[in-house]
1. Would you tally the residues in region 102-157 being within 14 Å of the ligand (Cβ to nearest atom), free of Cβ contacts under 8 Å to residues at least 24 places away in the same chain and of a type outside the set (D, E, K, R)?
2. Of all the residues that make up region 7-24, how many are over 14 Å from the mean Cα position of the chain (by Cα), within 16 Å of the ligand (Cβ to nearest atom) and touching a residue at least 60 places away in the same chain (Cβ under 8 Å)?
3. Within region 25-84, how many residues are farther than 20 Å from Gln96 by Cβ, within 16 Å of the ligand (Cβ to nearest atom) and not in a helix (DSSP H, G or I)?
4. Report the residue count in region 141-173 for those that are at positive phi and under 18 Å from the mean Cα position of the chain (by Cα).
Amino acid sequence: MDVFNAIRTRRTIRDFTDAPVSDAVLHKILQAARWAPSSSNTQPWHFIAVRDADTIKRLGEICTQGSFIGKSQVAIAVVMGETRRPQLDAGRALQQMELVAWSEGLGTCFVGIRGEQQDEVKSLLGIPEDMELITVLPFGYRIMREPGTGTPRKPMSEITHGEKFGQALTFAD
Ligand SMILES: Cc1cc2nc3c(=O)[nH]c(=O)nc-3n(C[C@H](O)[C@H](O)[C@H](O)COP(=O)(O)O)c2cc1C
C-alpha cells in the first residue's frame, strides 16, 4: 500500500477479529514508532506492548473512552519521558504506527485516558510516576461495521488559504 493510499483509506477502528497479531507485525509497528521524528531527536518515548489477555481486558475496563481495548489482540501504551513537546513527539510516532498497522490489515483507535484512569493504567503497567501516559492504542485485524468512505472531512476550501489567511487557494487542475 502506498503512503497516500494508507492515509486516505485509514479509519478509526473499534472492533477487531480474534486473529492473533504475529510478532513480525508487532515488531514492524514498533519499528514505525521508533523511526518517527522527535524534537532534537530526543526520542523521549517508551512503548509497552501488552499481549496478556487478562491485562488487555483490565485496560478495557479502566479506560471508559476505549472499552473496545478489551477486544484487541495487542495494546500499546505510549509513554513519554522528559521532553519539551511530549504531545507533538508522541503524535508523530502514533500516526506512523497507525499507518503501518493499517497497511498490514490491522486497525486501531486513539483512546483518551483521563485523571484517575491514568493512575490506574500507570499502576497496572508499572509506568514510573514521572512519565506521561499519552494513550493506549488497541490493535487487531479490523472489522469495519460501516463500510464506506469513513468520517467526513471539512472541504479543502474551508481549511486552506492562498498566500494569506482568508484568501482562496486555487489549483490549476
Ligand atoms: C487526540 C484524539 C483523541 C481521540 N480520543 C478518542 C477516544 O477517547 N475514544 C474514541 O473512541 N475515539 C477517539 N478518537 C478517534 C476520533 O474520534 C476519530 O479519529 C475521528 O472521529 C476521525 O475518524 P477517523 O479516525 O475514522 O478518520 C480520538 C482521536 C484523536 C486524534
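Readers should treat all values here as calculations from the given coordinates under stated rules, not as data from a laboratory. These numbers come from a predicted model, not from an experiment. No Cβ is skipped: glycine too gets one built from the backbone with ideal geometry, and neighbour counts run over all protein chains shown.
1. 6
2. 3
3. Qualifying residue count for the region: 1.
4. To start, the set of residues in region 141-173 that are at positive phi comprises 148, 150, 163, 166.
In the following step, the residues that additionally are under 18 Å from the mean Cα position of the chain (by Cα) were identified as 150.
Of the residues in that region, 1 qualify.
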